[in-house]
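Worksheet: the structure to be examined is printed underneath.
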Amino acid sequence: RSEYKDAIAQHYDIDDNARTDAEQVTLRQVLVDVPRTAPTIPVFRNERVRRSLARLLYIWAMRHPASSYVQGINDLATPLYLVFLSQYFPNTDVLQDDTCVQNATDALLQKVEADTYWCLTKLLSGIQDHYTSDQPGVQRMVMRLE
């Protein structure tokens, strides 16, 4: 978690003028996609959760420049976020009840964010070529089916 905290300081909590044009484009894309992420699930309409998702998706993109951010990565992060959040609220249906997030401390949400980031990183390490602009992994799978 401390390494992720350092990544926030290095990549996210910086002045926009310090970002390259490509980094600004990536951040804008993430910020456009986050509000579209699981809009029917109350937790993902919470502004603190949206900021958390934006941070972890942007940092993932900055630390993986070969693939960067593409649509769909946000959809992989959401179930992970819910799983890690639910461990702190065992008697709450985090899928339907967002009061847990409203009552959660910043420190708790930072833990959920960091754990989601690392799990997403591990998940994508095996399927990263499915989430690049040309999707070569998906194309290879389709060719095998043919």
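Protein heavy-atom accessible surface, 1.4 Å probe, per residue over the chain: 57 Å².
Overall, region 44-88 carries a charge dipole of about 180 debye about its Cα centre when +1 sits on the Cβ of Lys and Arg and -1 on the Cβ of Asp and Glu, all other atoms neutral.
For region 6-129, with all protein chains present and a 1.4 Å probe, just round the carbon and sulfur fraction of the accessible area to a whole percent.
With neighbouring chains kept in place, the figure for region 6-129 is 52 percent.
Note on residue 95 and residue 122: the extension gain reaches 7.4 nm, defined as 0.36 nm multiplied by sequence separation minus the Cα-Cα distance. Once the chain from residue 86 to residue 6 is taken as fully extended at 0.36 nm per residue, the excess over their C-alpha distance is 26.3 nm.
The values are calculated or read from the model by the stated rules, or taken from the named source; none is laboratory data. The shown structure was predicted, so the numbers you read here are calculated from the model rather than taken from an experiment. Here the Cβ is made from the backbone with ideal geometry for all residues, glycine too, and neighbour counts use every protein chain on show. Note: accessible area is taken over every heavy atom of the protein model, side chains too, but ligands, DNA and RNA are not part of it. Shrake-Rupley method; radii C 1.70, N 1.55, O 1.52, S 1.80 Å.
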